[in-house]
Structures are given as C-alpha cells and as structure tokens.
Amino acid sequence: QDKIRSLIHDEQYSQIPVELQIFSLYPDIDYILLINKSGAVLAASRGDQTGKNVSTIPDYDPVTASHALELNSVQIQYNHITGKLNGYMPLSYPAKHNNLHTNSENIIFVNYDMAASIAAARKIIIIQGVIYLFFIMSGTALLAVIIELLIVRRIRHLLDLTRRLASGDLNARSDLHG
C-alpha cells in the first residue's frame with residue numbers, strides 16, 4: 001500500500017499500471033485493479049480493463065468495496081464455487097483537483113485464483129495422512145508384538161501347565177514370576 005501511495009503524485013497515474021503489472025507477476029493473481037469511488041477502473045495489471053466501469057468486472061462486489069472504504073480496512077471474500085479469493089484494500093491519499101487539495105479514496109482490488117493452491121494443499125494433506133497412518137499402523141503392530149511377548153506367552157504357558165495338571169502330572173510347576 002505504501003509503495004503504491006508513493007507512486008501517486010497529484011493525479012499522475014502513469015506509473016501505476018507498470019507497478020501493478022509487476023505485482024501481478026504471481027501466476028495465480030488474475031488481476032489487480034485500482035478503482036475510484038465512483039467505480040471507474042483507473043489502472044489495471046492485466047487485460048484492457050483500464051477506463052471501464054466495475055460493473056464489467058465479474059468478481060467485483062461494490063458492496064464489499066464500499067464497506068472496505070467506510071471501515072478503512074481490508075476486506076477479503078472467498079468464492080468457493082470458482083475457487084477465487086478477492087481482496088479489497090482501501091487506498092486514500094492526498095490529491096489536487098482543480099487546485100483544491102482533497103483526499104482521493106480508491107480501492108485496490110485483487111483477484112487471486114486459489115484453485116491451484118487448494119489442490120496443492122489437498123495433496124500435502126493426503127501425503128501427510130498416509131504418513132501418519134503408516135506410523136499409527138506400525139505403532140499398533142509394535143504394541144501387538146509387545147502384548148504377545150509379555151501377556152499371551154505367559155497365558156499359553158499357564159494353559160499348558162493346566163493341561164498337564166488335568167492329565168495327572170502333579171509334579172508340574174510354573175516358573176513364571178511377576
């Protein structure tokens with residue numbers, strides 16, 4: 001935000017499109033727009049949206065944008081159908097219009113395609129789940145072996161001793177301790 005503010009000098013928007021193009025080099029960002037309060041696109045990172053009205057931008061929500069301006073806070077929306085994340089950032093800076101010093105209120109609108117990021121996160125979660133499952137199964141198998149060694153073998157020895165006693169061997173003894 002500060003970087004964009006430093007580029008704006010007395011209604012000179014000549015540097016903004018270049019700067020927005022640099023910001024939009026991230027492949028998942030569809031576009032970044034600088035939109036004034038009346039809904040005109042002042043600068044755009046991609047495409048030929050400069051000079052158009054926001055009503056032609058499919059993901060732009062004017063209600064959320066005006067809410068961001070009123071509260072002077074960043075507003076973020078996620079569209080779970082398209083997998084796109086939309087950000088509305090208010091940008092207010094001093095401007096000179098007809099020799100009057102005013103505050104110019106604009107919105108920076110970012111449209112970010114989250115589908116690839118969500119797919120990558122899903123893949124990581126599945127891989128982690130398989131790894132955790134492997135460790136849980138290994139721990140369960142180790143626990144089964146320990147139970148076999150400590151408990152089941154002793155019970156089998158006592159069963160064998162009981163059978164020998166039942167068959168009449170009265171000299172049978174158990175050497176189990178503990």
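Extending 7 Å from the Cα toward the beta-carbon at both ASN36 and LEU71 defines two label points whose distance is 2.7 nm.
Placing a pseudo-label 7 Å from each Cα along the Cα-to-Cβ vector at ALA144 and ASP169 gives an inter-label distance of 3.1 nm. Between ILE81 and LEU161, the simple label model (points 7 Å from Cα in the Cβ direction) yields a spacing of 7.4 nm.
Each other residue within a Cβ distance under 14 Å of ASN86 adds +1 if Lys or Arg and -1 if Asp or Glu, for a net charge of -4. For the pair THR56 and LYS123, what calculated FRET efficiency results from E = 1/(1 + (r/R0)^6), where r is the Cβ-Cβ distance and R0 = 45 Å, to the nearest 0.05? Efficiency at R0 = 45 Å is approximately 0.80.
When you filter the trypsin sites (Lys or Arg not before Pro) in the stretch 125-178 for DSSP loop state and at most 16 other Cβ atoms inside 10 Å of their Cβ, you are left with ARG173. Count Lys and Arg as plus one, Asp and Glu as minus one, and take only other residues whose Cβ is under 14 Å from that of LEU69; the net charge is then -2.
Every read-out reported here was derived from the displayed coordinates using simple, explicitly stated rules and does not represent laboratory data. Bear in mind the structure is a predicted one, so any value in this text is a computation, not a measurement. A quick note on method: Cβ atoms are made from the backbone with ideal geometry, for glycine too, and the neighbour counts reach across all protein chains shown.
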